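Notes follow the structure.
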Amino acid sequence: MSLHTTLITVDELTALPAQDVLIVDCRFELAAPGRDSTKGEQDYREGHIPGAVYASLDRDLSDLSRQAEGLGRHPLPLEQAFSAVLSRWGWRPGLQVVCYDTAGGALAAARLWWLLRLVGISDVAVLDGGFQAWQAAGLPLESGDVQRAATAVSLRYDASRFTTDHQAVFQQPAQLLIDARAAPRYRGEVEPIDRAGGHVPGAVNHPFSENLDAQGRFKSPDELRRDFTELLGAFAPAQVVHMCGSGVTACHNLLAMEYAGLSGSRLYAPSWSGWVSDPARPIEKA
């Protein structure tokens, strides 16, 4: 069985033997404070791709107890905690992982893709077109919770793939900081979630939505490579650090660059919410 390491289509997913794939539903309501953080899980229970387990951005892919450490709204889970999540899902080496949401990967599917890459798991892919693509194909759904036989998992993060050091991303001439938030938030015209609007001085903007076409699927690798190459200029992919509001949608840009063959960039995990946790840090607008 060939490995899927970035994206997978609905047809490719349906062709995989059920025993050889772990499907993870990552639907989540990310929009604003006061959001119903249980809506994605409720939607999952009402109907999901058969066999899929559920991943909560707040509980499984983040550790909200670490917010006070200046690590942003969605701090990375500790290695032991994420290993325990994979154990509960029954992950084992050689198992193809497929994750999906309803925003082309941007809600949490790309975050899970990146976390799995962070612990050295390469056979993981985001479902191109997400849950909507499965529904559009007229394929069956399953309701309720899925329980898989637990496995023993103990994995470590590759610290070279991310940073939580705020100063390490600030005005470094040898690296390019790319902000994945929508342009109005990057410019500081609106800020619906965090303490202040604007962006880290020196950061450039590439909204994650620009990675998708009008149908909500990823642009071709050639299109994405052209877009990012123009943005990078003289910078190599390994000199790129990605950020967003809380380290979630930035993973969409990481995935897009990987799909385009531009490997090696990193994540500034605390992102904007971590940056503005200290009012003394500078802010740039427009």
For this session: Taking residue 82 as meeting all but one of (1) surrounded by fewer than 16 Cβ atoms within 10 Å (Cβ to Cβ); (2) touching a residue at least 24 places away in the same chain (Cβ under 8 Å); (3) part of a helix (DSSP H, G or I), write down the number of the exception.
Result: (1)
Problem set entry | Selection status of residue 182, among the small types (Gly, Ala, Ser) and either farther than 25 Å from residue 74 by Cα or without any contact (Cβ under 8 Å) to a residue 12 or more places away in the chain (or both) | no
Problem set entry | Number of the exception - residue 120 against (1) in contact (Cβ under 8 Å) with a residue 40 or more places away in the chain; (2) surrounded by fewer than 17 Cβ atoms within 10 Å (Cβ to Cβ); (3) on the phi > 0 side of the Ramachandran plot | (1)
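Conditions tested, residue by residue: (1) modelled with pLDDT under 95; (2) assigned to a loop (DSSP other than H, G, I, E, B); (3) closer than 24 Å to residue 10 by Cα; (4) open to solvent by less than 10 Å² (accessible area, probe 1.4 Å).
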| position | (1), (2), (3), (4) |
| --- | --- |
| 223 | no, no, yes, no |
| 229 | no, no, no, no |
| 242 | no, no, no, yes |
| 251 | no, no, yes, yes |
| 255 | no, no, yes, yes |
| 261 | no, yes, yes, no |
| 272 | no, no, no, yes |
Seminar exercise, completed: Checked against (1) more than 24 Å from residue 103 (Cα to Cα); (2) modelled with pLDDT of 95 or more; (3) open to solvent by 40 Å² or more (accessible area, probe 1.4 Å), residue 195 satisfies every condition except (2)
Problem set entry | Meets criteria (open to solvent by 60 Å² or more (accessible area, probe 1.4 Å) and either touching a strand residue (DSSP E or B) at 6+ places or on another chain (Cβ under 8 Å) or aliphatic (A, V, I, L, M) (or both)) for residue 160 | yes
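The values are calculated or read from the model by the stated rules, or taken from the named source; none is laboratory data. Everything numeric in this text was worked out from a predicted model, so none of it was measured. For neighbour counting, all protein chains shown are included, and Cβ atoms are generated from backbone atoms with ideal geometry for every residue, glycine included. Quick note on the areas: whole protein, heavy atoms, side chains included, nothing else; ligands and nucleic acids left out. Shrake-Rupley method; radii C 1.70, N 1.55, O 1.52, S 1.80 Å.
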